[in-house]
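Below: the structure, in structure tokens.
The values are calculated or read from the model by the stated rules, or taken from the named source; none is laboratory data. Please read these numbers as outputs of a predicted model, since none were measured by experiment. As a convention, Cβ positions derive from the backbone with ideal geometry for all residues, glycine included, and neighbour counts pool all protein chains shown. Quick note on the areas: whole protein, heavy atoms, side chains included, nothing else; ligands and nucleic acids left out. Shrake-Rupley method; radii C 1.70, N 1.55, O 1.52, S 1.80 Å.
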Amino acid sequence: RQAIMAYNTMQAKIQQFIAERTLMLASISHDLRAPLTRIRLRCEFIEDIDQQRKLIRDTDEMQSMINSALGFFRDETLREQATSFDLSELLQTVIDDYSDQGIDVVFSGPAHLVYFGRPVGIKRMTANLLENAVKYARHPRIELINGQTSVCIEVSDEGPGIADSELENVFVPFFRLEPSRNRDSGGVGLGLSSARAMARQHGGELLLRNRMGGGLIAQVELPHGAINRTGSAEGA
Ligand SMILES: Nc1ncnc2c1ncn2[C@@H]1O[C@H](COP(=O)(O)OP(=O)(O)OP(=O)(O)O)[C@@H](O)[C@H]1O
Ligand SMILES: [Mg+2]
């Protein structure tokens, strides 16, 4: 009993620490915007066209990193209410968004599966994983498996995969691998970090591994009943 109480106190302290740090990072990101806008305006007065172009590109890049960071912190602070929903149907809507663009995503799993959690967050998490499979690879697919104690969502592709030594690094915010460094492929490197944060909010985990025969598998394990009715993950 005493151990449980000590554990709960520690849990609460960690939660508060994270909340404070999130708030601090959010305000730093926010405050960087004003000087950055001024720099961007001053770029117009640079006479060397080539230098000007490069500087504008850099400031635009910083702007989009800051905007994504702010979006990320916003989600962390305003947590969605947990509710019962059909996870299978939700995954199909993510897939439909792609078929509308002419991209086929293979789905396998039950037609219906009720899960208790945060539907908007889970949708965004899956969309992030699928976006990577479409952007960096081909033949994307989603598999939904209902287990005894948890559900498992697997997003896989037949692309280049990720070197084993980088499999954890890609979860670091803003980290992108060399070939995708160039900004033309969009993205700032927050997709996987926020997807993992969402899995963990549900008391679950997101792991990456390479497929035999090439390609990446992003595996999300979502335990049943880890989120309680007030919407906080127990023990996570
Ligand atoms: N399915 C995949 N196949 C190969 N490489 C991948 C795959 N998914 C992610 N990566 C690599 O991991 C990096 C990090 O992915 P992440 O989704 O976090 O960021 P991003 O896609 O670059 O940007 P964002 O998701 O914020 O738009 C990517 O830049 C890419 O190099
Ligand atoms: Mg991404």
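Each residue in the range 211-221 was checked for being touching a Leu at 6+ places or on another chain (Cβ under 6 Å) and open to solvent by 30 Å² or more (accessible area, probe 1.4 Å), and 1 of them qualify. Within the range 67-88, is there a residue that is in a loop (DSSP other than H, G, I, E, B), within 15 Å of ligand 2 (Cβ to nearest atom), open to solvent by less than 70 Å² (accessible area, probe 1.4 Å) and aliphatic (A, V, I, L, M)? No, there is no match, as no residue in the range 67-88 is in a loop (DSSP other than H, G, I, E, B), within 15 Å of ligand 2 (Cβ to nearest atom), open to solvent by less than 70 Å² (accessible area, probe 1.4 Å) and aliphatic (A, V, I, L, M).
Only a single criterion out of (1) at pLDDT below 90; (2) of a type in the set (S, T, Y); (3) touching a helix residue (DSSP H, G or I) at 6+ places or on another chain (Cβ under 7 Å) is not satisfied by T59, namely (1). G161 meets all of the listed conditions (1) out of contact with any His (no Cβ under 8 Å at 6 or more places or on another chain); (2) over 13 Å from I217 (Cβ atoms) but one, namely (2).
Of all residues in the range 102-112, at least one satisfies being at positive phi, open to solvent by 50 Å² or more (accessible area, probe 1.4 Å) and more than 12 Å from ligand 1 (Cβ to nearest atom).
Scanning the range 1-36 for residues that are among the polar types (S, T, N, Q) and either in contact (Cβ under 8 Å) with a residue 40 or more places away in the chain or open to solvent by less than 70 Å² (accessible area, probe 1.4 Å) (or both) gives Q11, T22, S27, S29.
For every residue, the table says whether it meets (1) closer than 22 Å to S193 by Cβ; (2) modelled with pLDDT of 95 or more; (3) open to solvent by 40 Å² or more (accessible area, probe 1.4 Å); (4) away from ligand 1 (no atom under 16 Å from the Cβ).
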site	(1), (2), (3), (4)
Y115	no, yes, no, yes
E143	no, yes, yes, no
G161	yes, yes, no, no
L167	yes, yes, no, no
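Condition check for S150 on (1) away from ligand 2 (no atom under 14 Å from the Cβ); (2) more than 22 Å from Q81 (Cα to Cα); (3) more than 19 Å from the chain's Cα centre (by Cα); (4) surrounded by 13 or more Cβ atoms within 10 Å (Cβ to Cβ): one failure, at (2). Look at (1) touching a Lys or Arg at 6+ places or on another chain (Cβ under 6 Å); (2) touching a residue at least 40 places away in the same chain (Cβ under 8 Å); (3) not polar (S, T, N, Q) and you find that V106 fails only one, number (2).
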